[in-house]
Structures are given as C-alpha cells and as structure tokens.
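Chemist: Structure in structure tokens, see below.
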Amino acid sequence: MKVDLQTKKGLRAVLNVFVDKKSIQEKMEQRLEELKNEVSLKGFRPGKVPSDLIKKQFGKAIYGEVLDKVLKETSSKAILEKKIKIAGQPRIDLKSFGEGKDLTYEIQVDTLPEINLKSPKSYKADEYEIIVNKKIIDKKINEIVSQHKEFQLKKDNSTAQNGDQITFDYLIKVNNKEIENGKGKDVQLEIGKDLFIKGFDKQLIGVKKNQKKIVKTVLPPNYPNKEFANKNAIFECDIKILKEPKKTELNDDFAKQMGAKNVKDLENMVEKQIEFQYKQALEAITKKQILDQLDKSHKVDLPKNLVDNEINGMTQNLKPEEKEKFKLENEIRAKSRIKLGLLLNEYGEKNNLNVSEIEIQNEINKQLKTMPGQEKLILDYYKKNPMATQSIKGSLYEEKILNLIKSKMQITKKKLSVEEADKLISGNNQNYSKTQNVSKQKDKEKSAAKSKKISKK
C-alpha cells in the first residue's frame, strides 16, 4: 500500500491510496479457500468444490466483499500513517478498481484542528464550602416531620375540617343515571390538598361519620370514560371514617422510620444531604468559571460537520419552526460545546489521562449506596445499557481534566452560609438568563442590520 497526502487545506485533507493487484488477489484466493467449506454444489462433496467453479459462480460477489474489506483496512491504515485526526466519517472516491487490477482511490476527510493549549496559570476561580448551621438543619427536619403526618380517629359527632382525612365510598351519576365504572370504595383524601377533583374536598367540610353527602362537580377532561369527560356529575358519598392529624413527635422512633439510628443521626444525615445538594450547584459555578476562561483564551477552527451534527442532536425533538427561530442561538451553543470538548480532550490526551474500569465500578458502587434495596435493579440497568456506563466514564474523564486544570491555576477557597450560597446560585442563574437574552437581542440586531443592507442594495 502507498499513501500520498495530496492536499491539506484548513480542516480538510485529501489522501491518495494505491493498493497493488497482488495483495487483492491474495485476499481473493484466501476467501475462495474459506468458501470451499461453506459452499454446497450438486455433484461435489463438502469441501471438494473446485476454486475455479466457485469463482465462476460467485466471483463478482467475492470481489465486492474483498474490495469492501480492503477499503476499510487500508483507509484506516492510511489515516494512521499520515497521523490525521479525523472529525467524522471519511468519504472514499474510487479511481481505479476491478478484478486483476490495481486499486487506487481518494480519501476526503474533515480533520480536527491543531490546538495550541495555553497555560491555565493565569486563570482564577473560586471554590466554595457550604457551612450548614443548626437553624437550617432544624428547619429541614421540621419539613420532614410535617410531610409524614399521622392521623387519629376523631370523636363521634365531630365534623370534618380542613386538614382532616376522610375515608368514603361513592357513586357517580350523570343526568341522574349511574355511569359505568362509576363506583369507588374506601377512597381516602386529605381535605385542603385538592388532589381528587378540583373543588371536591371543600364540599366535604362539615360532614360527619356515617353521613351521606352529595358532591356536585365536573368530571375532568382526562376521565377514563371519554363519554363523560367534562360532564356535570354528582357524587353520592357515604362517609365511613373521619381522622384528624396527630402531632408527629420528633424522637428516636421517628428517626428510625427515616432510616437513621436516632435523632442525632438524623440531624447528621440531613446536614450531609444539604451539603451534597449545595455542593453540586456550587461546583457547577466553579466549573463555569474555568470553562469561560478556557473558552476566551483559545481560538479554535471548528469542523463544519461536527457543528452540524451537534446542532442536529440538540434540535432533533424541536419542530421545524422552533429550529428556525433559534437557529443562530443553537449554532452558538453547539460551537461552544464542541470547542470546549476539543480543548478538554486535548488536555486529557497531552497529560495521558484515562479512566480505568475500577474507577467506573467505584462510581457505580457510590450510586448503589445511595439507593439501598435497588442494587440489583441498578446493576442490571448498567449491564443492559453500555451507553450509561460510557456516560459515567465521560463524566469521570472530564472531572480528571478539570482537576488537572484547577491544580495549575489560582483557586480561592470561600466558605459560605446557606443564605450566601442561595444568593450566589440565584445570581448565577440570573446572569445566565441575561446572557441568553443579550445573545438573542444581538441576533435580532444583526438580522435587522442585514435587512437594512439588503434593502439599500
């Protein structure tokens, strides 16, 4: 095989490849020998069919198969030989081919840009540590307690009030006729939550145990029996049980119900939960600070096919009019993603970073610990979904690269209260929204300017 780099302009390379007929013929003969044991022809025992006869009957198909194999093998070798980093699928243009002939073809390929990495020594970023005080922990625990209400039977002759729990049977009638599948038994609802049918539970305020109550309502649009959806209806209700909320005591028994050993352990669990919640949000801010500087300090030419593929992936679920509306915005986002991806990958390659199978398994094990009782379900998911495992690998790889960059730049460590963290996260989100709006406004201004130029012409 001979390879010549014909041209390399910008992010496009063209290679000329020559494969002599002798090499192709050897592969043809090798394939014919293999087919002797596979082909069955009348009058010949298995494995005894003459090669010439096989070639006569299947020669064109065999050559096509061999040609395809040769093209795949030699094109890969040619790209490696010339040390070309490809971006996307190469395009092959056959120039000369045929049985008993030399093979010549052209490879057209989009290439990845040469990247000159800048030192991150001048980069600056903040790393945050959240300080969770007891007041915040107590507030969170009180929320947990309030979410785990317990109810106790109300005294006889008591009436249902807001916050009470009612158990009842019902019969639905439309136009004074019982409807199909319009019965309910031992239905429970908490008055005031309005989770049954909008406005339904309010009409139960004041009822007593063993009382019959007529509730007038409109059946919802998603009612299973479409015939009666949005129809006026009455519910003939038989009130069976009335319960009122019982104060839930924060004690060791309650803590055990929440998976803790005691109240103190529950407080520690809640503190770690809050820290973890804020850690992710604050790490995202630090990451953005790094990536913004990485982006600004590098100019990178981007292969058009990568940009197009990224845009297609981002907008595949959008309607055509939505794609058109946000065309420029999507292009900017796509270019930013690809640029940062190329820069991060370059850092990884230059520093020989990689992710081992052990590291991937350790990360999966972390997930298992956070979801007790679902270990088998999670493990089965990763076994059946290789892309999910690849996603973990990608996240770990990116984390390694960012940690490497952070080790070489100026990091200021800051301790924040929950209140300070809330302000920072909120402000960062607002700035992101403003940036998006400014970008959209600039796009509009550019479009308007273009329109003016056109009209002048």
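The values are calculated or read from the model by the stated rules, or taken from the named source; none is laboratory data. All of these numbers come straight from a predicted model, not from anything done at the bench. Cβ coordinates were reconstructed from backbone atoms using ideal geometry, including for glycine residues, and neighbour counts include every protein chain displayed.
Chemist: Output the qualifying pairs, or none if there are none: Cβ atoms under 7 angstrom, residues six or more apart or on different chains, first residue in segment 130-141 and under 16 Å from A281 (Cβ atoms), second residue surrounded by 13 or more Cβ atoms within 10 Å (Cβ to Cβ) and among the charged types (D, E, K, R).
Modeler: I130/E275; I130/K279; V132/E271; V132/E275
Chemist: Right, next: If a residue has to be over 14 Å from I405 (Cβ atoms) and touching a residue at least 60 places away in the same chain (Cβ under 8 Å) to count, how many in segment 285-313 make the cut?
Modeler: 9
Chemist: For segment 216-247, which residues satisfy the criterion of being crowded, with 16+ Cβ neighbours inside 10 Å, farther than 17 Å from K177 by Cβ and among the β-branched types (V, I, T)?
Modeler: I239
Chemist: Just checking, how many residues over segment 402-419 are farther than 14 Å from E359 by Cβ and under 26 Å from the mean Cα position of the chain (by Cα)? Show your work before the answer.
Modeler: Filtering segment 402-419 down to residues farther than 14 Å from E359 by Cβ leaves 402, 404-419.
Those still in the list that are under 26 Å from the mean Cα position of the chain (by Cα) too: 402, 404-406.
Final tally of qualifying residues: 4.
Chemist: Among the residues of segment 46-73, how many are of a type outside the set (A, V, I, L, M), touching a helix residue (DSSP H, G or I) at 6+ places or on another chain (Cβ under 9 Å) and either modelled with pLDDT of 90 or more or surrounded by 13 or more Cβ atoms within 10 Å (Cβ to Cβ) (or both)?
Modeler: Within segment 46-73, residues that are of a type outside the set (A, V, I, L, M), touching a helix residue (DSSP H, G or I) at 6+ places or on another chain (Cβ under 9 Å) and either modelled with pLDDT of 90 or more or surrounded by 13 or more Cβ atoms within 10 Å (Cβ to Cβ) (or both) number 7.
Chemist: Got at least one residue in segment 439-448 being in a helix (DSSP H, G or I), modelled with pLDDT under 95 and under 30 Å from M269 (Cβ atoms)? Spell out the reasoning first.
Modeler: Of the residues in segment 439-448, the ones in a helix (DSSP H, G or I) are 439-448.
Next, from what is left, pick out any that are modelled with pLDDT under 95: 439-448.
Applying the additional criterion that residues be under 30 Å from M269 (Cβ atoms) yields none.
No, segment 439-448 has no match at all.
Chemist: Is segment 55-78 home to any residue that is assigned to a loop (DSSP other than H, G, I, E, B) and farther than 30 Å from N345 by Cα?
Modeler: no
Yes/no per residue for (1) assigned to a loop (DSSP other than H, G, I, E, B); (2) free of Cβ contacts under 8 Å to residues at least 60 places away in the same chain; (3) among the basic types (K, R):
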| site | (1), (2), (3) |
| --- | --- |
| G184 | no, yes, no |
| V187 | no, yes, no |
| I197 | yes, yes, no |
| I234 | no, no, no |
| K240 | no, no, yes |
| E267 | no, no, no |
| E271 | no, no, no |
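Here is a yes/no grid of residues against (1) in a helix (DSSP H, G or I); (2) charged (D, E, K, R); (3) farther than 28 Å from A421 by Cα; (4) at pLDDT below 95:
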{"site": "Y278", "(1), (2), (3), (4)": "yes, no, no, yes"}
{"site": "A284", "(1), (2), (3), (4)": "yes, no, no, yes"}
{"site": "Q293", "(1), (2), (3), (4)": "yes, no, no, no"}
{"site": "L302", "(1), (2), (3), (4)": "no, no, yes, yes"}
{"site": "L306", "(1), (2), (3), (4)": "yes, no, yes, yes"}
{"site": "I311", "(1), (2), (3), (4)": "yes, no, yes, yes"}
{"site": "N330", "(1), (2), (3), (4)": "yes, no, yes, yes"}
{"site": "K335", "(1), (2), (3), (4)": "yes, yes, yes, yes"}
{"site": "I338", "(1), (2), (3), (4)": "yes, no, yes, yes"}
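Chemist: Residues K288, K261: which one is surrounded by fewer than 15 Cβ atoms within 10 Å (Cβ to Cβ), under 26 Å from Y128 (Cα atoms) and modelled with pLDDT of 90 or more?
Modeler: Result: K288 is the single residue among K288, K261 that is surrounded by fewer than 15 Cβ atoms within 10 Å (Cβ to Cβ), under 26 Å from Y128 (Cα atoms) and modelled with pLDDT of 90 or more.
Chemist: Is it fair to say V145 is in a helix (DSSP H, G or I) and either acidic (D, E) or in contact with a helix residue (DSSP H, G or I) (Cβ under 9 Å, 6 or more places away or on another chain) (or both)?
Modeler: Against the criterion (in a helix (DSSP H, G or I) and either acidic (D, E) or in contact with a helix residue (DSSP H, G or I) (Cβ under 9 Å, 6 or more places away or on another chain) (or both)), V145 qualifies.
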